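The structure appears below as structure tokens.
The values are calculated or read from the model by the stated rules, or taken from the named source; none is laboratory data. Note that this is a predicted model, so its numbers are computed, not measured. All Cβ positions, even for glycine, are placed from backbone atoms using ideal geometry, and neighbour counts span all protein chains on display.
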Amino acid sequence: MTKSTKAALLSGLVFPGTGHLILNQYPRGLALLLVALVALSVLVVTAVKQALAILDRINSGEIALEPGAIAEIASMPVSGVGDSIMNIASLIFVTVWIIGIVDSYRLGASQEK
């Protein structure tokens, strides 16, 4: 397997920036890792906050303790600032992931020459 293919697969299947790290491109790899981790942490924290809000509604008796009722509430779109933050964090995460794949493949191909 060539360096470019291995780097692109690592960036695509493991985490953004890992392909750069095996190509010894540490500043780029760490930058991609850091941005992806921040975006992912924003997504996780927001999802946990939403889950805790649903749990509070279950504990207060507002939502019945039935899988169908919980699934219905969980699938409802959230509006407001939290929704915008989730959208921006998702966009950043996906963009960094794509950049990591393409750039690691490009760098690997240039190192093979």
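Tell me which of these Glu62 doesn't satisfy, since it passes every other one: (1) without any contact (Cβ under 8 Å) to a residue 12 or more places away in the chain; (2) assigned to a helix (DSSP H, G or I).
Going through the list (1) without any contact (Cβ under 8 Å) to a residue 12 or more places away in the chain; (2) assigned to a helix (DSSP H, G or I), Glu62 breaks only (2).
Looking at this structure, is Leu52 within 23 Å of the chain's Cα centre (by Cα), without any contact (Cβ under 8 Å) to a residue 40 or more places away in the chain and closer than 21 Å to Gly108 by Cα?
Answer is no for this residue.
Output the residues belonging to the stretch 16-37 that are of a type in the set (A, V, I, L, M, F, W, C) and touching a residue at least 40 places away in the same chain (Cβ under 8 Å).
Result: Leu23, Leu32, Val35, Ala36.
The rows are residues; the columns are (1) assigned to a helix (DSSP H, G or I); (2) β-branched (Val, Ile, Thr); (3) at pLDDT 85 or above.
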site: Leu52; (1), (2), (3): yes, no, yes
site: Gly82; (1), (2), (3): yes, no, no
site: Ile88; (1), (2), (3): yes, yes, yes
site: Ile92; (1), (2), (3): yes, yes, yes
site: Trp97; (1), (2), (3): yes, no, yes
site: Ser104; (1), (2), (3): yes, no, yes
site: Ala109; (1), (2), (3): yes, no, yes
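Name every residue in the stretch 65-80 that is in a helix (DSSP H, G or I), free of Cβ contacts under 8 Å to residues at least 12 places away in the same chain and under 26 Å from the mean Cα position of the chain (by Cα), in order of residue number.
Within the stretch 65-80, Ala71, Glu72, Ser75 meet the criteria.
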